[in-house]
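Okay, so here's the structure we're looking at.
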Amino acid sequence: MSCFAAMEKMGHEELIFCRMKEAGLKAVIAIHDTTLGPALGGTRMWPYETEEEAIVDALRLSRGMTFKATAAGLNLGGGKAVIIGDPKSDKSEALFRAYGRFIESLKGRFITGEDVGIDVNDVEYMFMETRYVCGLSKAHGGGGDPAPVTAFGVLQGMKACVAERFGKSSLKDLTVAVQGLGSVGFSLAKLLQADGARVVATDLDEERRQHGGSGLGIEIVSPEEIFDVPAEILAPCAMGAVVNDHTLSHLRCKIIAGAANNQLAENRHGLELHRRGILYAPDYVINAGGMINVFVELEGYDRDRALRMSRGIFYNLRKVFQIAKRENIPTNEAADRLVEERIATMRHLKGMYTGPHQNRYRWETRP
Ligand code: NAI
């Protein structure tokens, strides 16, 4: 498929190719939809085998960012960039500074930060050339690790699920099976314990399993057993595609609510969950805490504000469940509908003149 055909099919506004031979830079920036605000999305560095693979990744991921921002009620659009190269061997100051200059040339239409293969040091190099980066260290006014905010948001989402499915206002005495005890999963397990839930967890990594077992005193099972745990809630906090043809028959939970991106292997698995009476919290709605954290950083970081805004995930999920019930559709489809409706309404609203522009983002007030 041609680039233009792919953009048209997925609704993209712009696709940008960045090249500086001397710095070894080859990057693709995809801007999906800026109806609500500047396109936000991380930059990924990966040794893509073909250029097509890199372009498809940028297109797919940027669209996902529009959905996440819109469902979270943020005034941000979706974008994503990929740098073609091996993060183990191809990184240099010149590469990230050259890339930073391309970002700067977009004048805030695209704001970026870390993604797979990129770390805070790389972002600091970009920051030498552009203001339009986030996920900076605390020393540069950044918000630090977003994982605790993501975990807090997931907890709010779980509460919405429990209210919907069991008519309960707390997680007390419920069992939650957490897959993945990484940055988000570990924080989430702690929050769940504090809320009185019983936590059963796993991780591929032996050290992390031990840390969870001895550090938190939670029950640990092997990675293969996690889907069979008789728990009210399954919280995928590791990799994507955990709901697939193989795992479906093992699921014993009533709710799936976790941080992992792209939890459904295919959209049809959302319908399968719906048919089986398993309430699914659409991933991009429940895991928006990390993005909310970045949004707050753009306006001047304040962790309390990030946590306060993440409480909104509870209400966002309630809206999704209302649509799902009203239309008798799976929750993943209901979430997509919520997003499409918000973008369409805001497009009309933006047509109304409200006087001279006021500063909103931190760079608009900087010298
Ligand atoms: P992480 O890399 O810190 O933790 C992931 C953990 O999952 C690792 O400990 C890994 O060993 C484990 N794992 C991987 N495959 C597994 C398997 N099959 N079974 C059991 N454990 C497995 O990542 P992090 O930051 O905690 O993120 C978790 C998920 O949430 C990812 O999918 C990420 O994309 C998503 N997410 C994270 C956000 C954040 O703020 N960190 C924000 C939004 C989404």
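The values are calculated or read from the model by the stated rules, or taken from the named source; none is laboratory data. All of these numbers come straight from a predicted model, not from anything done at the bench. Neighbour counts run over all protein chains shown; Cβ positions are idealised from the backbone, glycine included.
Being under 23 Å from Gln156 (Cα atoms) and within 11 Å of the ligand (Cβ to nearest atom) is true of Ala259. All of (1) surrounded by fewer than 21 Cβ atoms within 10 Å (Cβ to Cβ); (2) within 16 Å of the ligand (Cβ to nearest atom); (3) modelled with pLDDT of 95 or more hold for Ala235 with one exception: (1).
Counting only residues that are in contact with a Lys or Arg (Cβ under 7 Å, 6 or more places away or on another chain) and within 16 Å of Val176 (Cα to Cα), which one in region 125-163 is surrounded by the fewest Cβ atoms within 10 Å (Cβ to Cβ)? It comes out as Gln156. The condition of being over 30 Å from Ala139 (Cα atoms), surrounded by 13 or more Cβ atoms within 10 Å (Cβ to Cβ) and hydroxyl-bearing (Ser, Thr, Tyr) holds for only one of Thr345, Thr331, Thr354, that being Thr331.
When you check Thr112 against the structure, is it in contact (Cβ under 8 Å) with a residue 60 or more places away in the chain, in contact with a helix residue (DSSP H, G or I) (Cβ under 8 Å, 6 or more places away or on another chain) and within 16 Å of the ligand (Cβ to nearest atom), yes or no? So Thr112 passes the test.
Inside region 309-328, residues that are more than 21 Å from Phe166 (Cβ to Cβ) and surrounded by 18 or more Cβ atoms within 10 Å (Cβ to Cβ) make up a count of 2.
Being in contact (Cβ under 8 Å) with a residue 24 or more places away in the chain and within 16 Å of the ligand (Cβ to nearest atom) is not true of Gly196. Got a sec? Which of Ser187, Ser169, Ser183, Ser249 is more than 14 Å from Ala281 (Cβ to Cβ), near the ligand (Cβ under 9 Å from one of its atoms) and modelled with pLDDT under 95? Only one candidate qualifies: Ser183.
Checked against the criteria, Gly108 counts as surrounded by fewer than 22 Cβ atoms within 10 Å (Cβ to Cβ) and closer than 30 Å to Arg311 by Cα.
Of the residues making up region 18-56, just one is assigned to a strand (DSSP E or B) and without any contact (Cβ under 8 Å) to a residue 12 or more places away in the chain, namely Arg19. Within region 83-94, none of the residues are closer than 22 Å to Asn293 by Cβ, of a type outside the set (D, E, K, R) and modelled with pLDDT of 95 or more.
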